[in-house]
1. Using only Cα atoms, find the angle between the long axis of helix 140-157 and the longest principal axis of the chain, and express it within 0 to 90 degrees, rounded to the nearest 10.
2. Between PHE264 and SER15, what length comes free when the chain is fully extended (0.36 nm per residue of separation minus the Cα-Cα distance, one decimal in nm)?
3. Towards the positive end of the charge dipole of the chain, with charges on Cβ (+1 Lys, Arg; -1 Asp, Glu), say which of HIS129, VAL109, LEU147 has the farthest Cα.
4. Per the 1.4 Å probe, what fraction of the accessible area of region 70-115, in percent, lies on carbon and sulfur atoms?
5. Accessible area per residue for the chain in Å², computed with a 1.4 Å probe and the full protein assembly in place, what is it?
6. Assuming R0 = 45 Å, can you tell me the calculated FRET efficiency for the pair MET5 and LEU251, based on Cβ-Cβ distance, to the nearest 0.05?
7. Of all DSSP beta bridges located in the chain, what percent are antiparallel, nearest 5?
8. Which residue fluctuates most in the GNM of the chain (Cα springs below 10 Å): LEU31, LEU254, LEU17?
Amino acid sequence: MAHPMFRPRRLREKSLLRKLVRETTLAVDDLVHPLFAVHGRGVREAIASMPGQFHLSIDEMVKDTKDIASMGIPAVLLFGLPSDKDPRGSEAYAEDGIVQQAVRAVKDVVPDLLVITDVCLCQYTSHGHCGVVEGGTIRNDATLELLSRVAISHAEAGADMVAPSDMMDGRIGTIREALDDSTFTDTPIMAYSAKYASTFYGPFRDAAESTPQFGDRRSYQMDPANGTEAMREIALDLDEGADIVMVKPALAYLDIIRRVKEKFNVPVAAYNVSGEYSMVKAAAQKGWINEKAVMREILTGIRRAGADWIITYHAKDLLLPRI
């Protein structure tokens, strides 16, 4: 039998050779760290279903954002838990709402850190849905005006970018118009464009206290079985003015990330969501996996699929600038 003329193993033999021919890189500056703000002072409450993550009062959040910035992580994504909930989620767009306070505090102390804000109502509504509920139905168009108010209030507080996650039809265009009319023409929008009705969100709903009080979110979030529909959603959001589009979750939707990047060639974010994070943490606590190695492999896979940014709770675990 003739020996092979080309031996791929030649370029795998030494560590430095593997680095030289590596096709996909993962850097700390590819990552966005989500944080959960709560009212109070001195609050650092562990989230039971998300080991290593916390509900943070603003003073504690400022400490964390200083650490995050010092690690080279360029951005945080802020979520808020209100002091009170009502059917219209009014704290979501209040001037002194928890996210608005958090944005001002973080930008005051760490001005160079990018602060992205989640624009939605689910954490703030007494019914737990992402829109206005009338007659037991989530009303799309009635929700748009409230989402615009949320986005404007975040921009007024100093947010560098707003990220609508509600999946109401037409919200990107409505928010873009509202921002432009309010002199925030330069505030970019990261759209949760292909957001699936996923079972991977369970720990997040514990963290954000946003479990729906009736029904589910399948009437507005995407069917996990659909891919072509995601392309339509992306196209609509881009036409309405989205600057960055997102696929959420990431691991079970790597094919969608790849299709979006190849079809549209625009900045693509992927959300490595709470369930994906917590599975790694749980298996590591059992001693079944090497946590850091698995984390790096997962995040590299998301990058390889085509994501430019990864929103991940693992971000602070990546202490080295290059992997």
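1. 80
2. Values: separation 249, 0.36 × 249 = 89.64 nm, distance 3.50 nm.
Taking PHE264 through SER15 to full extension adds about 86.1 nm, to one decimal.
3. Most positive-ward Cα: VAL109.
4. Details: 940 of 1920 Å².
Whole-percent figure for carbon plus sulfur exposure: 49.
5. Working: 14660 Å² over 323 residues.
I get 45 Å² per residue for the chain.
6. On the way: r = 38 Å, r/R0 = 0.84.
Computed FRET efficiency for MET5 and LEU251: 0.75.
7. Numbers: 7 of 40 bridges.
Beta bridges within the chain, antiparallel portion: roughly 20 percent.
8. LEU17
The values are calculated or read from the model by the stated rules, or taken from the named source; none is laboratory data. What you see is a predicted model, and the numbers here were worked out from it, not measured in a lab. Methodologically, a virtual Cβ is constructed for each residue, glycine included, from the backbone with ideal geometry; neighbour enumeration extends over all protein chains shown. Accessible surface areas use protein heavy atoms only, side chains included; no ligands, DNA or RNA. Shrake-Rupley method; radii C 1.70, N 1.55, O 1.52, S 1.80 Å.
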